[in-house]
Every structure is written in C-alpha cells, then in structure tokens.
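Here's the structure, in structure tokens; my notes come after.
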Amino acid sequence: MIGEGLVRADGQAKVTGRAVYVDDVRPEGCLYAATVRSPFAHARITGIRLDPDFDFSDVTVVTAADIPGENVVALMTDDQPALADKVVRHVMEPVALVAAPTREKALAAVSHILVDYEPLPALFDPERSRGHEPSLFGSDNVYSHITLVHGDPDGAFASAEGNADVRIIEGTYRVGLQEQLYIEPQGMIATHRVDAEGAPGLTLFGSMQCPFYVVKALSRVLGHKRFNVVQAVTGGGFGGKEEYPSLVAIHAALLALKSGKSVKLIYRRDEDLRATTKRHPCRLRYRTVVEVRTGRLLAFDGHMLFDGGAYNTLSPVVNSRGVIHAVGPYRCENVRSEALMVATNTPPNGAFRGFGAPQVQFAAERHLDRIARELGLDPLDVRRVNLYRDGDLTPTGQTLKDIGAKIVLEAALERAQRPLPPGNGSGRPGGGGQAARLAAGRGLALAWHGCGFTGNGEANLQGKADLALEGRDLRVYTSSTDIGQGTETIFPQIVAAALGIGVGRVSVAPPDTDLVPDSGPTVASRTAMVVGGVVLKAAQALRAALASEVGFDGDFDAMLDARTSDAVLRVREQYADDGTLVWDPKTYRGDAYPTFGWSCVIVDLEVDLDTGEVLYRRLVQATDVGRALNPVLASGQLEGGALQALGYATSEEVVLDERGCMRNDRLTNYIIPTALDAPEMETVLIEIPFAGGPFGAKGIGEIPHDVPHAAVAQAIERATGAVLDRLPMMPERVMAALERRR
Amino acid sequence: MILRFQVNATDVELDVLPMARLLDVLREDLRLTGSKEGCGEGECGACTVLIDGRAVNSCLVPVFQVAGAKVETVEGLASGLHGHERLHPVQAAFLEHGAAQCGICTPGFLVAAAELLAHTPHPTRLEVREALAGNLCRCTGYQKIVDAVANALGRQGS
Amino acid sequence: MSRTAQLKSTAAVLEPRTLNEALEMRARAPDAMPLAGGTDVMVSLEAGVIDPPRFLNLWRLDALRKIEDTPAGGVRIGALCTYTSLGRSDLVLRHASVLIEAARTVGATQIQNRGTLGGNIVNASPAGDTLPVLLALDAVFELSSAERGARLVAAADFFLGYRQTALLPDELLIAIHLPARNADDHTHYRKVGTRLAQAISKVVLGARLRVVDGQVVEARIAWGSVGPVPMRSPSVEAALLGVPIDVDAEAKVAQDIRPIDDIRSTADYRQRVAENVLRSFLRSVVQTRS
Ligand SMILES: Cc1cc2nc3c(=O)[nH]c(=O)nc-3n(C[C@H](O)[C@H](O)[C@H](O)COP(=O)(O)OP(=O)(O)OC[C@H]3O[C@@H](n4cnc5c(N)ncnc54)[C@H](O)[C@@H]3O)c2cc1C
Ligand code: FES
Ligand code: FES
C-alpha cells in the first residue's frame, strides 16, 4: 500500500466535474463583492466618498472604519492593514469593499467610490531602499537581514591574495518576479451560521492552503472567533494561497457582517495577477575562492538582495531559506552568506514554492558554471569535486548524513543516456521547418532542499492530527489541505499501512476548522513528511488505545470484533522532535532542517539561433524522496514543479509599470508553458529513507522548482556559448547574449 | 430571448440575454459548474465544451450562437447515473495515470481530449500535445496528461 | 480592464438567414458589428474596449463556408471557414499548404475550431498570423454590399492603417481568392512568439519565391507584427527579383519594417529576428535547389 500508485481519493469527483470549487457555490441570496483598489504606489488617503449620482441603495460599502477589531492581516508582523486606512503603500492595495446583488452592480459601484489621494514619493529600487526615504517599514525599510558565518571566510579570502593555486571568482546573478499562476483565481464565500452553542457567527469557505492562517488573521479583525473556516476544493496554490486568502476571507467576512447576507468574492484573473503576491525578485553577488586545478570551493561570500514589496508577509522566511541554501549542495568550509530583504512600494511578494531556494540555487549553479568556464574545467567535474559527502558540515554547521547528492547525480546521468524521446521541440508547427537553425545542448544542475520548517519551526508549532475510529472505518482529521498534491490519498495510505487494513476504510475529514485540529500550514514540503508522521503516530496511538480497550493487541479487525462498545474512539497526536536537533535562530548555527532532499536535473533543449527561442526536448530528474508513499503522486509533484521552473527559466516574468503595477496582467502576456512547450519528462524516484518521516518519506513539494532553470542556462551555454546570468532567459535576452558572444 | 439547444443530450429552453457567455449560462442558469473559468479570454481552456462535436472555449461563445446546437460538457462525458457511472475512457485514463492534480483544468482537458480521440483514437504524443495546447495546466507539467490521452484507447502512442 | 461591459452586454443580435439578408441588414444597420466566430469580438467585449449596441450574426451563413475551385485554377475560400476546416481541405492543401501551416499556429485547438479566416482579415491586427501569408500568396478579397454587389480588392490594397481596412461600412467580406499555385513556387511561413501555442506573434514571415532557372522571377515577402499593418517588403522583394537568390537580401529588411517596443517584445529584437528568419528561408531555398 505504501509505495503504490493508488488513484487519488478525490479523482472521481475531479474527472466528472463534480468537485466543488468556491466559484461553483452560490448561496441563496448571496451578494457579489468587489474591491476598490489604490491606483497609486504610495499616497495619503484624504477622503472616501460615495458618488451622489450613483444608486447605492442595494450596495454594501465597507471601509477601514467598519472593522470591529484590529485593522491588520496578522502574519509574521502586523504591518499590513486589512483595508488601507490613511496611507496606501502599493498599487492595487485594497481601500474599500462593495457588495451588491449582482456582479455587474458590484463592479459598477467600485468606480463610484470616490477616494481622494495625495500622492507621496514612491520607492521601487530595492538597491535604494535600506535606510532611504520614504520610510515604509521599521526604522530602515529592512524586513529581514541575516548573516551566516561558517569557518573563516575573511581569512580564506585574505590568504587567497597572491596564491597562484587559488583564484577569486565573482559573479552577479538576477532573477525576476514570478507569478504562481494557479489556474483557479482567489475566491472566498462568507455565510452566516449559528454555531453549536446557538451563537451567531460566520463560515468562510474558499480556496486556500492554510485554514488556520485564516482563523488567526480573521479573529484579530473581528475581535472574536465565532466563525469556522472550510477549505473548498482548491484549484492550485503553489504558495499563492498560503497567506493571501486571509485577506480575501477578511474582506468577505466584513461585507457579510455589514450586509447581513452571504457574500461571494471571486477575483477576476487580471485583478488576481495585479494584486496578489509573487516570487521575490533577487539580485545575488557571489564571490568565491576556488582551487585552480579542480574548481574546489575554498571560500564563499554571497550577498543577496530580495525585494519584499510593500508589506512583510512571509518574506523573512524566504530570506532565511535563501541564506541557508545559497551555496547549493556543495561543501565549503568558509562561508559568509548574507541576505537582505527590503521594502519597496510594489505589491507585496510572498510565499511561492521553493521559498528563496530557486533564486539562490540558480545563482549557485550559474556560479559553478562560471568557475568551470574561467578555469577551463568541465562543469560536471566541478560539481563532482564539490558535492556534499556524508559527514560534511553545512554552512550552519549541521552534520549531513545519508546524503543523496551523488546518488541522484549518477541516476540522472544514467537515465539521460537513453536516446531522446521523439516528438516535441523542433517538431513545432510554424517553426520554419527545414529552414530553422537549431543548436542542441544539454544542461545539468543539482539541488538540495531542507524539508519542513527551518530550525525549531516544527517544535514550536506542534502540528496536530486526530484519528477517529467511526464504526469499523477510520477518519483522519487534519488541517492539511489537498491542493492537488494528494494529501487526501496519502494520509489514508499511511493509516491503512500502519493498521494493516484496506485503504478504502480510511477517509479524510474535510478541512473545517470546527472539526480538525491545527496541523500547521500546508507549506514547506511538510505535509507528507511532518503531518504524515503525526498521522502515523496517531494510527499507532489508536491501535494502542484499542488494544487496551479490548485487552489484547493483534489483528486490527480481530480487535474490532472484540469491541463491546461502538463509541467513536478518537486520538490526537502532535509533533514532537526527538530532541536531537539543535538550532540557534540568533546565530543561524545548528541543525537547520531535520533532513534534506536531493535532486539532479538534466535538460535537453534546442536553441533557435535565428530567434533565441528555447525548445525543450527532455527533462530528466532524479530526486531523493525518502520514500515514495505514492509514486504517481510523487512524480506528478516533481513534473509539475519542474515545468514551473522551465517557465521561470525562459518565459515567465511579471513586468511592472512606472507605478509598480503588473503590465502583463493577462494569460496572453504572462506566458506559462503549454503542453507543446513542455518537454517529455522522465522522473527517477530515489529512496533514501528519513527516519523521522512516515515510512521514511521526505518532503518533495518544492525541490523540483529549485534548479531546472539553472540546467536550462547551462544547456543554452553549452549549445551556443551564450552566457545568461539573469532570469528569465526570454528569447530577447538569449538573442542579445548570442550577439555578445560574437 | 428564448433559446433552445441541447446540453448533454437533454433539450433545454431558456430565457437569456443573447450576448451572455455560454460559460455563464451553463454555470449560472443550468448549474453545470463542471466547466471552469480560469481567464475569461480564451487562453486557459478550463471552460472548454463541445459544440456539435468541436472543442471551443465557452467563455468566448455568445450563447445565442448555440441555438439548435448540441453542447457537451464534462458532466456529459460519463454515462449512467452518479454512483454507478461508466466513465469515458479518457476520464478513466486520467484517474489511472494521475493526470488530475488540483483538478481545476481537468474538465477542459477531458473535453478537448474527447474531441481528439473521437477522430484520432490513437494519437501520437506530439498530436496529443498539439491538440491540448489550448488548455493550461499548472500542476502536472502535462506529462501524465499526455500519457493518459495517448493511451486512453488502449494503445501506446508513439 | 473591466468585465463590466461583457457581463451586462444587453446588445441585441440581428440574425440573417441568407447572405442577401445579411447584406441588407448590414446596409440598414451600419452600427451592428458583424460577428463570426467571436474569438476577437468576445475578448474585446470582455475587456470593455468595444460596446456596440447590436451584432450582426454571420455564424449561420453556411454559404460562406464553401471552399471551391475557381475557373482561373485557384481556390475560393468562404470567409467563415475556420482554421480547422482549412486544415481539412484538400483544395487548400493543394493550392496553399502554407496557409494551413499558418492556420495550425493560430491560438490552439479551441480557437482554430471557432476562429475564421474572414475574422482574422477584417480584425486586421498587425499580428494576424494568416495575413502575411495572404499577402505573399497574392490573395484577393471578395467584398460585397447590398447596393453595389461584389468587388475584389487585393490583399496588398486592403490593410490601410492600424486596424483600418478597405472594407466599407455596408460591406461584408465574403470570400478569399487564391490564385493557382506555380510549380516553381517556394513558400514559407514562420511565426515567432514566446511559446509554441496560444502565442501572439512577435514576428511573422509569409513568403513566396518563384524561381525559374535559378533566377527569382517573382518575390513576395510579407511581415506581421513589425509595423502597424501586415505589410509587404518592397525593398527586399526588389533586391531579390531577377537575380539568383541573394541570401544577403535580409540587409534590406530594415528599410521596410517599422517595429516598436511593446509588452510583447522590443523593436530591436523584432528587426534582428526578421532579418534572421528571412536569411534562413533564403538559404533553405538555395539548399533545396542545389
Ligand atoms: C486565445 C486566443 C488566441 C488567439 N491566437 C491567435 C493567433 O495565434 N493568431 C492570430 O492571428 N489570431 C489569434 N487570435 C485572434 C482571433 O482568433 C483570430 O483573429 C480569428 O481569426 C478571428 O476570427 P473570428 O471569426 O473569431 O472573428 P470575430 O471575433 O467574429 O470578428 C473579428 C472582427 O472581424 C469582423 N468580421 C468577422 N467576419 C467578418 C466578415 N465576414 N465580414 C466583415 N467583418 C467581419 C468582426 O466584426 C470583428 O470586427 C486569438 C484569439 C484568442 C482569443
Ligand atoms: S475561461 Fe475560457 S479559456 Fe480561460
Ligand atoms: S491539475 Fe491543477 S491546473 Fe491542472
């Protein structure tokens, strides 16, 4: 059962069109909501008026003044308001809300809410944020500043001077803004309910990854907890539905309270693109001391500058992961890694699959390619000489064991030796056929990714899971959401395997905060590994409870047969680490993660020399998943993540106008790959079990997005000699690089 | 206007604004919410339905243009009753290959694939990719979708 | 961009049953916007950039869906033919396979099933993918009005300015005539976008070279997305004419095109790419002949 590619539990509903997403629900008499947003990047609000010539009789209007509790979207810091009050800090910032009996009326009403603004100077350049005016956050516009030091980097750089055996190699790398682009836009419905005690309250139903984030944020705004949050079937998240839905839920709830009616708030696609969080752009400067003969890394000094946008959201977490992963899966005894996350007047950047790792590992991989180029070495050899080995220390001083780095490398190389699959790439329609001039190339990149939360995150969070025996069947209660990755399928597999029963007898309760405990958010590749582990413990606890009830521990069904009562038996477990992990968040020393995942990606592509277009032929990835609980779901995660990274590589870039507003706010000009653009993918699952995960499983949700874009850059370089150190490698940039090469 | 057409082999008669989008009429008036809206401008294919056997984006079709036509949505692919339904081969293949993740794109893919398979039962992988290039998926990388469609009718695509 | 317009579009529709009825309605109601497959119209309506009071539905006019031989040996394609129907027509394949190549790159399946050749022409976007091909093939457009009957306008005379055409307010586009194909024609289509489907072109090349005894006797080089209208390339054509194929003719491209920077690409890129794809086409002609 573990290791079987069982059909996903929600599959039947999804292939028949019966799965209920938020926009599929229409409560009786519900109002439709729309959001009044700032046209300015930075401005003082001097007044909000209703157009006297517009009929507002059936329109509910909400402004900051209507907020019963605190005007805040509670997250890491309380800097973001639920509705802008005196100041707007980015374009598209919510200023007021409307709800009306029809969508048309609501949209019309938006343009009749007259907001007076007094524009203020705005800040767009992250290089000129820290300590500069205007002041946007704290005393110096810095959300997070982390410096991690390992060994003696200063000494290593000093002694490199004049030493002919070593060389100092420097490079600067840039990555752009990327949009999650879940196919289902943000949406939430607020309805009125009466709770079990007869008290009136609300139910929030919508598209989200983290129901308890919504609970936390909404309770601060409402000043009470008389509501529950229920996840609808969710059409993709990728981090974009981690923290953002809290804001959507707050807005729907405020309108529902004021109107006394149900309220449905669904973002239009263009609105979703312009208003919601993106992946942080980053500028990275890497300096290294390397051994001339081999390319061995002797010292590393990396500076990363991330643009956090107008509010903090989860930016410090991105900064933290960036600092820790900056060197890539390579040993280096002298490291300084410094990351700065600053404020600007652009829409806030936030959670996105990978959390900083895709940015820094692009730079790490490109830097190794630079080292190879400058020293005249083979890029693969440079990787081999530096790859982590058992017993090596990471930049935080964590001792690595059971490292998969070399295993995934060899597995990927072996798989990629097979002949190229026929088909896509140069077979494209309209591609000029015989006339096209194509150069083929292969690129390789390696990644590591810390699984679960950083440091003491899990221990502090104490994620919980319940398991209940209901009749002869079992039901899992967690707040982990299935956003496509298959939680609803994997948890039953874990329970069934632990109890030795058929998987069909285990179901998963819908994530409704009235019913489920807080398992922590569905993020950081932690659901299968961490929450799955708690679910496994719950299964063991349930077995023990049953055994003590019936007086013997044996076959699960035999124990059930021996039961005299048919009362529901419900157990709760929570995460507890074994105390062996030691982490100091102040110095960034210690065990940063309970374990790491490892991955090697090989991309075969062709570059059209006339146009700079990149045509993908094949992508091979070999990834250490600990244990593939469900190989179909696991490879599906890896393939989807890899394609998202190929989009990041060559076509996806959010372009901001002079107000910091997304210009390419349609699917026709924010370009994600189609089936014709995607390569044939081959996914090799490597299983190096992690003792702390259920049946050895590790987190795999993010690692596929970490380095395919770096493999693409290397492949382009090998095919053409063109060097690209900036993402995305749009055809325009590839052409320019091809010309620089001459 | 009063409009008559067929949806999933059932005759319907509705009072509609002629320029309403077919997608809205299906979702709001007929409560057939299987067809999804991902963009409203013909880019994502989540709203794909068949009109007289041809896959089109229902967000781009003014409803009056389907007068007298046969419209099929994802809800019409399987036969038999809910609970005892017989899936269309491509639905079964999607389950078997794990081609649906979050599922929001799935109805559109299934309908587009149904059209392809109706006239090309054993498509090559490249034919599948070309036929489905009007449907965006952000979860799967398309690999399992191509696997499912190429093999839906039982022969390995080349 | 706002959805308001579409959601409350209360526009009425005129439903002609015959072509004659359609032409009469067109004359009587010049404010009624013709509607074919709607793939351009519905997007503009959704975006709120148009809001006509009524529409003239052409979709039911099966008379405009015919594809037939012409007495002159060419082919006449009804304006309402979809990209999919072009791709399935043996006649089109015989006379203008390059048009099928272009049709295969428009949007993707769903758009090809609904979008029409006539819509692409009248919409007259500089990025309309079939337009450079039609220019290269010396297509002639058959326009008709109730009052004056049919008239023929060469593709080269049809596109007047940014989204402006020679179509008069009381006219409809009825058909597209393509002349007979010469055995010694080399045709070519190249679309450059940022992805391989669902892409709005950054550069489109439609080309036809008639080469007799190693000499170019007829040259048609046409561009899309590099100026306000789809356009022929007179300097390049002149440089090619009457001589053996000159693979350096691409140096003349800059004289003919007027690319701009926009959300999709840069003027610089467009020019460079136009030169490159032309050079590669010319080379491939040389190669296939040697
Ligand atoms: C997602 C998407 C992708 C697209 N991709 C491409 C692409 O790759 N390449 C490309 O070139 N285009 C593309 N298009 C644009 C569009 O599909 C084409 O231009 C199509 O050919 C338009 O035809 P239609 O029948 O849908 O036109 P409609 O939208 O019905 O009409 C377009 C215009 O032409 C007028 N019109 C139509 N027929 C006639 C007639 N017979 N006489 C007089 N006036 C008429 C209408 O009044 C209107 O002004 C795309 C559109 C979408 C939505
Ligand atoms: S909603 Fe119709 S194509 Fe996206
Ligand atoms: S399965 Fe999520 S978008 Fe396709």
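Which of the numbered conditions does residue A:22 fail, given that it passes all the others? Conditions: (1) open to solvent by 30 Å² or more (accessible area, probe 1.4 Å); (2) of a type outside the set (S, T, N, Q); (3) closer than 30 Å to residue B:75 by Cβ. Single failed check for residue A:22: (1). With respect to (1) on the phi < 0 side of the Ramachandran plot; (2) more than 16 Å from ligand 3 (Cβ to nearest atom); (3) surrounded by 22 or more Cβ atoms within 10 Å (Cβ to Cβ), the lone exception for residue B:28 is condition (3).
Inspection of region A:333-355 finds no residue satisfying the criterion of being touching a Pro at 6+ places or on another chain (Cβ under 6 Å), hydroxyl-bearing (Ser, Thr, Tyr), buried (at least 24 other Cβ atoms within 10 Å of the Cβ) and within 21 Å of residue A:241 (Cα to Cα). Among the residues of region B:127-155, those identified as part of a helix (DSSP H, G or I) and either within 14 Å of ligand 3 (Cβ to nearest atom) or open to solvent by 20 Å² or more (accessible area, probe 1.4 Å) (or both) are B:127, B:130, B:143, B:144, B:145, B:146, B:147, B:148, B:149, B:151. Of the residues making up region A:87-107, those that are open to solvent by 30 Å² or more (accessible area, probe 1.4 Å), under 22 Å from residue A:257 (Cα atoms) and of a type in the set (A, V, I, L, M) number 1. Within region A:620-637, the only residue that satisfies the criterion of being facing another protein chain (nearest Cβ under 8 Å) and open to solvent by less than 10 Å² (accessible area, probe 1.4 Å) is A:636.
Given the options A:84, A:43, name the one that is in contact with a Ser or Thr (Cβ under 7 Å, 6 or more places away or on another chain), crowded, with 20+ Cβ neighbours inside 10 Å, in contact (Cβ under 8 Å) with a residue 40 or more places away in the chain and closer than 30 Å to residue A:143 by Cβ. Can you show your working first?
On the way: A:43 fails: in contact with a Ser or Thr (Cβ under 7 Å, 6 or more places away or on another chain).
Among A:84, A:43, only A:84 is in contact with a Ser or Thr (Cβ under 7 Å, 6 or more places away or on another chain), crowded, with 20+ Cβ neighbours inside 10 Å, in contact (Cβ under 8 Å) with a residue 40 or more places away in the chain and closer than 30 Å to residue A:143 by Cβ.
Every listed requirement among (1) more than 16 Å from ligand 1 (Cβ to nearest atom); (2) outside the structural domain of residue B:23 (by TED's automatic domain parsing) is met by residue B:112 save one, (1).
All of C:104, C:76, C:28 fail the test of being among the charged types (D, E, K, R), under 15 Å from the mean Cα position of the chain (by Cα) and more than 12 Å from every other protein chain (Cβ to nearest Cβ), apart from C:76. Filtering region B:31-60 to residues that are within 12 Å of ligand 1 (Cβ to nearest atom) and either open to solvent by 10 Å² or more (accessible area, probe 1.4 Å) or modelled with pLDDT under 95 (or both) leaves B:39, B:41, B:43. Checking A:582, A:607, A:632, A:568 one by one, the residue that is of a type in the set (Val, Ile, Thr), touching a residue at least 24 places away in the same chain (Cβ under 8 Å) and over 30 Å from residue A:470 (Cβ atoms) is A:607 and no other. Out of all the residues in region A:383-392, is one or more in a loop (DSSP other than H, G, I, E, B), among the acidic types (Asp, Glu) and either free of Cβ contacts under 8 Å to residues at least 60 places away in the same chain or under 19 Å from residue A:642 (Cβ atoms) (or both)? There is at least one residue in region A:383-392 that is in a loop (DSSP other than H, G, I, E, B), among the acidic types (Asp, Glu) and either free of Cβ contacts under 8 Å to residues at least 60 places away in the same chain or under 19 Å from residue A:642 (Cβ atoms) (or both).
Quick check on region C:31-73: of everything there that is of a type in the set (Asp, Glu) and over 20 Å from residue B:64 (Cα atoms), which residue is farthest from the other protein chains (Cβ to nearest Cβ)?
Result: C:69.
Total residues in region A:195-249 satisfying the condition of being touching a Phe, Trp or Tyr at 6+ places or on another chain (Cβ under 7 Å), outside any loop (DSSP other than H, G, I, E, B) and within 14 Å of another protein chain (Cβ to nearest Cβ): the figure is 1.
Given the criteria in the same structural domain as residue C:9 (by TED's automatic domain parsing), of a type outside the set (S, T, N, Q) and open to solvent by less than 30 Å² (accessible area, probe 1.4 Å), does residue C:79 qualify? Lay out the reasoning, then the answer.
Working: in the same structural domain as residue C:9 (by TED's automatic domain parsing): no; of a type outside the set (S, T, N, Q): yes; open to solvent by less than 30 Å² (accessible area, probe 1.4 Å): yes.
No: the conditions fail for residue C:79.
Would you be able to say whether some residue in region C:220-229 is of a type in the set (Val, Ile, Thr), under 23 Å from residue A:668 (Cβ atoms) and under 13 Å from the mean Cα position of the chain (by Cα)? The answer is yes; a qualifying residue exists.
Of the residues making up region C:241-281, those that are surrounded by fewer than 17 Cβ atoms within 10 Å (Cβ to Cβ) and over 21 Å from residue C:200 (Cα atoms) are C:241, C:242, C:243, C:244, C:246, C:247, C:248, C:251, C:254, C:255.
Please count how many residues of region C:111-133 are touching a strand residue (DSSP E or B) at 6+ places or on another chain (Cβ under 7 Å) and more than 16 Å from ligand 2 (Cβ to nearest atom). Can you show your working first?
The first filter runs over region C:111-133 and keeps only residues touching a strand residue (DSSP E or B) at 6+ places or on another chain (Cβ under 7 Å), leaving C:112-118, C:121-122, C:124, C:126-129, C:131-133.
Remaining after also requiring more than 16 Å from ligand 2 (Cβ to nearest atom): C:116-118, C:121-122, C:124, C:126-129, C:131-133.
The number of residues fulfilling the criteria is 13.
With respect to (1) under 17 Å from the mean Cα position of the chain (by Cα); (2) of a type outside the set (Phe, Trp, Tyr); (3) outside any helix (DSSP H, G or I); (4) within 16 Å of ligand 2 (Cβ to nearest atom), the lone exception for residue B:112 is condition (3). Among the residues in region C:179-200, are any within 14 Å of chain B (Cβ to nearest Cβ), in contact (Cβ under 8 Å) with a residue 60 or more places away in the chain and not in a loop (DSSP other than H, G, I, E, B)? Yes, region C:179-200 contains at least one residue that is within 14 Å of chain B (Cβ to nearest Cβ), in contact (Cβ under 8 Å) with a residue 60 or more places away in the chain and not in a loop (DSSP other than H, G, I, E, B).
Taking (1) in contact with a Leu (Cβ under 6 Å, 6 or more places away or on another chain); (2) polar (S, T, N, Q); (3) more than 8 Å from chain A (Cβ to nearest Cβ) in turn, residue B:35 satisfies each apart from (3).
The values are calculated or read from the model by the stated rules, or taken from the named source; none is laboratory data. From a predicted model like this one, the values you see are computed outputs, not experimental measurements. Here the Cβ is made from the backbone with ideal geometry for all residues, glycine too, and neighbour counts use every protein chain on show. These accessible areas exclude ligands, DNA and RNA; they are computed on the full protein's heavy atoms, side chains included. Shrake-Rupley method; radii C 1.70, N 1.55, O 1.52, S 1.80 Å.
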